[in-house]
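The structure under discussion appears below in the form of structure tokens.
Just so you know, all these numbers are worked out from the coordinates, no wet-lab data involved. Quantities reported herein were computed from a predicted structural model and do not represent experimental measurements. Note that we place each Cβ from the backbone using ideal geometry, even for glycine, and neighbour counts take in every protein chain shown.
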Amino acid sequence: MITLLHHHSCSKSRCVLDYLEEEKIPYELVDFINYPIPEAYLKSVLQKLNLPVDAIIRKNEVLFQEKFADQNLSEDEWVKILIDNPELMQRPILIKDEIAIIGRPFEKVLEFLKE
């Protein structure tokens with residue numbers, strides 16, 4: 001089964017959700033905006049992505065630019081910031097077993113679902 005870390009206001013995230021629905025692909029939806037994920041869960045997602053936390057931060061967001069752009073923070077500090085400010089996290093993120101991807105561009109999602 002696919003786990004989709006989803007942001008309801010994100011067009012890319014909605015596109016992936018619509019695709020999963022249309023293709024009747026079983027999934028579990030994780031609304032990480034309205035229901036913040038635990039620190040251990042986010043760390044496990046990062047391991048499955050095989051990426052540092054820096055790679056999932058949306059650096060173009062106004063919040064990032066205003067509050068965090070000039071800060072030199074540790075991985076653990078960034079994890080806590082992302083939990084407190086989930087809108088700063090890249091989305092959508094798809095997880096299948098022990099592998100995860102950031103679902104951009106959509107072609108990457110299609111490849112991931114075929115594997």
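Looking at this structure, is E22 at negative phi, without any contact (Cβ under 8 Å) to a residue 40 or more places away in the chain and exposed (fewer than 11 other Cβ atoms within 10 Å of the Cβ)?
Values: at negative phi: yes; without any contact (Cβ under 8 Å) to a residue 40 or more places away in the chain: yes; exposed (fewer than 11 other Cβ atoms within 10 Å of the Cβ): yes.
It is true that E22 is at negative phi, without any contact (Cβ under 8 Å) to a residue 40 or more places away in the chain and exposed (fewer than 11 other Cβ atoms within 10 Å of the Cβ).
Quick check on my filter: what residues within the stretch 64-115 are without any contact (Cβ under 8 Å) to a residue 12 or more places away in the chain, outside any helix (DSSP H, G or I) and either over 20 Å from E23 (Cβ atoms) or not acidic (D, E) (or both)? Listed by number, the residues that qualify are A69, D70, Q71, N72, L73, S74, P105. Residue pairs whose Cβ atoms lie under 9 Å apart, separated by 6 or more positions or on different chains, with the first residue in the stretch 1-15 and farther than 18 Å from K96 by Cβ and the second among the acidic types (D, E) and assigned to a helix (DSSP H, G or I), are H7/E87; S9/E87.
Take the residues in the stretch 38-52 that are under 11 Å from the mean Cα position of the chain (by Cα) and either closer than 12 Å to D76 by Cβ or without any contact (Cβ under 8 Å) to a residue 40 or more places away in the chain (or both), then tell me which one is surrounded by the most Cβ atoms within 10 Å (Cβ to Cβ). Show your work before the answer.
First pass over the stretch 38-52, keeping only residues under 11 Å from the mean Cα position of the chain (by Cα): 42, 45-46, 49.
The next check asks that each one be either closer than 12 Å to D76 by Cβ or without any contact (Cβ under 8 Å) to a residue 40 or more places away in the chain (or both); those that pass are 42, 46.
Working: L42: 22, L46: 20.
Checking each candidate, the answer is L42.
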